[in-house]
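Q: Can you keep this structure in mind? I'll have questions shortly.
The values are calculated or read from the model by the stated rules, or taken from the named source; none is laboratory data. The structure displayed is predicted, hence computed values, not measured ones. As a convention, Cβ positions derive from the backbone with ideal geometry for all residues, glycine included, and neighbour counts pool all protein chains shown. Quick note on the areas: whole protein, heavy atoms, side chains included, nothing else; ligands and nucleic acids left out. Shrake-Rupley method; radii C 1.70, N 1.55, O 1.52, S 1.80 Å.
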Amino acid sequence: MHLLYILLVLLLVTRICGELAERLRQPALVGELIAGIALGMLANRYSGTFPVLADLPDNEVFKAITDLAIFFLMLLAGIELHPRELVQASGRALGVAAGGMLLPLALGYGLAWAFLPDSPLKFGQSLFLGTALAITAVPVSIKVLMDLGELKTKLGQTVVSAAVFDDVLSLMLLAVLTAVIKTGGLPDAASVVSLVGKVILYFLIAGVFGRYVFPWIGRRLKFAQAQEFQFSALLVAALAYALLAEELGMHFMLGAFLAGLFFVHRTIEPKVFDKIQSSLTSLTMGLFGPLFFASIGLHLDTAAAAEIPLFVGILVLAAFFGKLLGAGLPAYAMGFSPRDALGVGTAMSARGAVELIIANVALQAGLFLQPDPPPPIVANLFSAVVIMALATTVVTPLVMRSLLGAKSK
């Protein structure tokens, strides 16, 4: 019954707030995020009255639902895009991804090194903050582009390609950070080579199956008699891709995205394809998307803003402008107009998915316990990163709407 109550409250509030945001000419996800923030603050203030909502960020069942939401957002994004056009955008995207990762990484590391006190964990804490700033929340960026009607444009395809590159590059950062947390030192060369090999292997397997096996299976699905069998087949393929990604050390959302990317019109009959796409859009945008963005807002902890306001303010600015300049300048150098280059940099600024996972891993590993006892800036580092993720996720669609409003649907 608790699950039904949770779904009822979150879906009702997020849908109403999303509708209000749309009526104010803002993307729906802004309203959904604000709904999550408001519910989280209300539940924490009156935890005795709303105990179920107060414990929601740590609820394992709800975490599983938000993972499922990420899965469907990435699957839908893959279906919405065309592989050939995405590959054509990858040349531009590589520079955008590199700049959009390196500058925030350097800013985050430098900021931590300047503010954090000396301790045996200072290097790990600094690397953690740099990693948190370097990563782009792919599902958030994709939803922003969808809401603004920019997903299939040159700008949107560049952002998605760059975000996927960032996701792969972030594996390297996560490997380094994990090694530092566990051993206090950098990973050895063999570990790095192994990780690169797994990434290459995954893309080879995914490419071969997507290019040759998907169409072969699709041609035979027309003989299926069971209702919605083709939709189930797509989910099976996407789940298999996601599971393989996790087995090879990558995030499952990459697998869901690639499965959707290889599901094209030639894979199955056009009428069936359109029906599946419509059903998936309704399920994702009407249920899982709002739940995911509400879950981000529920993580808000205002403790850091009260304890270390200067550090939090600088962190948010470094996060936003690090991506804006790091990704926007390469985009401008590659021929984008100033407005579109700013749009690329802004779209890459969204956080709120992987950053929260990284922060939780660091928290559980005890990264914020030294010096002992930890000073306020170290004790509140987790909360500061959560606030940064929320702030950039809320600001991104607002700035994107302002920049690209004339082009948006």
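Q: Using a Förster distance of 41 angstrom, determine the FRET efficiency expected from the C-beta separation of residue 42 and residue 281, and round it to 0.05.
A: 0.85
Q: In the calculated pair distance distribution of region 31-164, what percentage of Cα-Cα distances lie above 22 Å?
A: Summing the P(r) of region 31-164 above 22 Å gives 58 percent of all pairs.
Q: For residue 271, which aspartates and glutamates qualify as cross-link partners when the Cα separation must be under 15 Å and same-chain residues fewer than eight apart are set aside?
A: Of all the aspartates and glutamates, those that pass the test against residue 271 - Cα under 15 Å, at least 8 places apart if same chain - are 228.
Q: Right, another one. So with the 1.4 Å probe, I'd like the accessible area per residue for region 188-310, rounded to whole Å².
A: 51
Q: Of 230, 259, 318, which is farthest along the charge dipole of region 195-344 in the positive direction, counting Lys and Arg as +1 and Asp and Glu as -1 at C-beta?
A: Comparing the listed Cα positions along the dipole, 230 ranks first.
Q: Structure shown: which of 198/275; 152/323; 152/275; 63/275; 122/143; 152/222 lie over 31 Å apart, alpha-carbon to alpha-carbon?
A: Too far apart for the 31 Å limit: 198/275; 122/143.
Q: Run the Debye formula on the Cα coordinates of the chain, all scatterers equal and no solvent, and tell me log10 I(q)/I(0) at q = 0.10 1/Å.
A: -0.66
Q: Using the charge dipole of region 1-63 (Lys, Arg: +1 at Cβ; Asp, Glu: -1 at Cβ; taken about the Cα centre), state which of 48, 33, 7 has its Cα farthest towards the positive end.
A: About the Cα centre, the residue reaching furthest to the positive side is 33.
Q: Between 0 and 90 degrees, rounded to the nearest ten: what's the tilt of helix 270-283 against the longest Cα principal axis of the chain?
A: Helix 270-283 sits at roughly 30 degrees to that axis.
Q: Sticking with this structure for a sec: Could you size up the charge dipole of region 237-305 around its Cα centre, putting +1 on the beta carbon of Lys and Arg and -1 on that of Asp and Glu, and report it in debye to the nearest 20?
A: Result for region 237-305 is approximately 280 debye, rounded to the nearest 20.
Q: If the only charges are +1 at each Lys and Arg Cβ and -1 at each Asp and Glu Cβ, what is the size of the charge dipole of the chain around the Cα centre, to the nearest 20 debye?
A: In total the dipole reaches around 1300 debye.
Q: While we're looking at this one, here's another question. Does anyone have the angle between helix 83-115 and the longest principal axis of the chain? Alpha-carbon axes, 0 to 90°, nearest 10?
A: 10
Q: With each pseudo-label sitting 7 Å past Cα toward Cβ, what's the residue 190-residue 369 distance in nm, one decimal?
A: Reported label-point gap for residue 190 and residue 369 is 2.9 nm.
Q: Could you calculate the FRET efficiency of residue 216 with residue 246 from 1/(1 + (r/R0)^6), where r is the beta carbon distance between them and R0 is 22 Å, rounded to 0.05?
A: That pair, residue 216 with residue 246, gives E of 0.30.
Q: Per the 1.4 Å probe, what fraction of the accessible area of the chain, in percent, lies on carbon and sulfur atoms?
A: Here carbon and sulfur together make up 68 percent of the probe-accessible area.
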